[in-house]
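Chemist: Let me give you the structure first, and then I'll get to my questions.
Read-outs throughout are calculated quantities, based only on the coordinates presented, and are distinct from any laboratory measurement. What you see is a predicted model, and the numbers here were worked out from it, not measured in a lab. Don't worry about glycine lacking a Cβ; one is built from the backbone with ideal geometry, like all the others, and counts go over all protein chains shown.
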Amino acid sequence: MKRLLFFVSIAIAGCSCSGKGWTSDEDALIVYPREGEAKAVRIEPFDDDIIRVSATPDKFGDEQSLVVLPKTKKVPFTVAEEGEFLLLTTSGLQVEISKTSGAVRFLDLNGNAILQEQAGGRTFEAMQVDGVKGYELRQIFESSANEAIYGLGQHQAHEMNYKGKNEELFQYNTKVSIPFIVSTKNYGLLWDNYSLTRYGDPRPYGQMNQFKLYDVEGKEGGLTATYIDNVATNHVFTVRNESTIDYENLETVENFPDGMDFNNAKITWEGDIEPLEDGVYRFLLYYAGY
């Protein structure tokens, strides 16, 4: 069974726009969308079944990818105009791209959709960190209800199928993040980006205090935290109310009770939580060796 590979990169770094809104040479097709945040979208076949898609809100630079090997051969392809779309075809697949929005759809040679971008699913938001200008990027694909998605590396949530799930990608001593997924629909996708990435919901997880919290006696304000410093004797070191459970790093561990011995210890949080609005809530239990 043949597997297809797509990889997506966002260029932040010129291309001249032709009168027809696109250009093509023996290496790639470049489209200059009339709408949307991307000024240019490049479709570059690396093999008959491997396609690289790059987009930029400015212009393409000459930076080399740290993970994509240089192209070693010319891949024959054709480009045809079909109304508001362009169709790039290799001997293994087709790529349809909108001349209006630059949105991309991957198809097999029979015209069956394999993967496609969600309408308006590619965004760039300007930002600056320590004086360095850049962009916060978002890329959304439509996923069929009956597919499973695997990959992303080694994480703490013990998930296998990431369909409908969330994961934060960064390197850490208890995490190995690989921005690559493979689908049961027989395609793979590499996100060629080295920054902190959130797969799924782009929002960072919040703390427990975004809920109404009640202790074991029903008093509002926090959960009842019971600190046992010796599970053999069940000795209670202290009991206190806590509105957050945040001990992720060397700074936040300072919020633990002074003098608490964590060898053979156990902490229990009890009470009730009340959301401020109806909906689906996802919780993250994070651990580290502090």
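Chemist: Modelled label-to-label distance, residue 278 and residue 186, 7 Å Cα→beta-carbon offset: nm?
Modeler: Here the modelled spin labels are 4.3 nm apart.
Chemist: While we're here: Could you work out the relative contact order of the range 57-102, using alpha carbon pairs under 8 angstrom and six or more residues apart, expressed as a whole percent?
Modeler: Averaging sequence separation for qualifying contacts and normalising by length gives 23 percent for the range 57-102.
Chemist: Each label point is 7 Å from the Cα along the Cα-to-Cβ direction; what then is the distance between the points at residue 220 and residue 26, in nm?
Modeler: Distance between the two pseudo-spin positions: 7.3 nm.
Chemist: Still on this structure, I have one more. Apply the Karplus curve 6.51 cos²θ - 1.76 cosθ + 1.60, θ = phi - 60°, to the phi angles in the range 80-90 and return the couplings in whole Hz, x for Gly and Pro.
Modeler: My calculation for the range 80-90 gives 10, 8, 10, x, 7, 10, 10, 10, 9, 10, 10 Hz in order.
Chemist: Where the centre of each part is set by its Cα atoms, how far does the range 23-72 sit from the range 168-217, in angstrom?
Modeler: Result: 27 Å between the Cα centres.
Chemist: If each residue's Cβ is checked for other Cβ atoms within 10 Å, how do 93, 284 rank with the fewest at the top?
Modeler: Final ranking by Cβ density, sparse to dense: 284, 93.
Chemist: Of 158, 235, how do they rank once you tally other Cβ atoms within 10 Å and put the fewest first? List each step's numbers first, then the result.
Modeler: On the way: 158 5, 235 12.
Least to most surrounded, the residues fall as 158, 235.
Chemist: Using per-residue counts of other Cβ atoms within 10 Å, averaged over each peptide, order 78-87, 251-260 from highest down.
Modeler: Result, highest mean Cβ count within 10 Å first: 78-87, 251-260.
Chemist: Taking R0 as 30 Å, what FRET efficiency do you get between residue 127 and residue 78 from their Cβ-Cβ distance, rounded to the nearest 0.05?
Modeler: Working: r = 39 Å, r/R0 = 1.30.
Given R0 = 30 Å and the Cβ-Cβ separation, E is 0.15.
Chemist: Answer with a single label: of (1) 148; (2) 187; (3) 157, which was calculated as volume of the Cα convex hull per residue in Å³ from the structure in view?
Modeler: (2)
Chemist: Quote the charge dipole size of the range 137-290 about the Cα centre in Debye, to the nearest 20; the model charges only the Cβ of Lys and Arg (+1) and of Asp and Glu (-1).
Modeler: 660 debye
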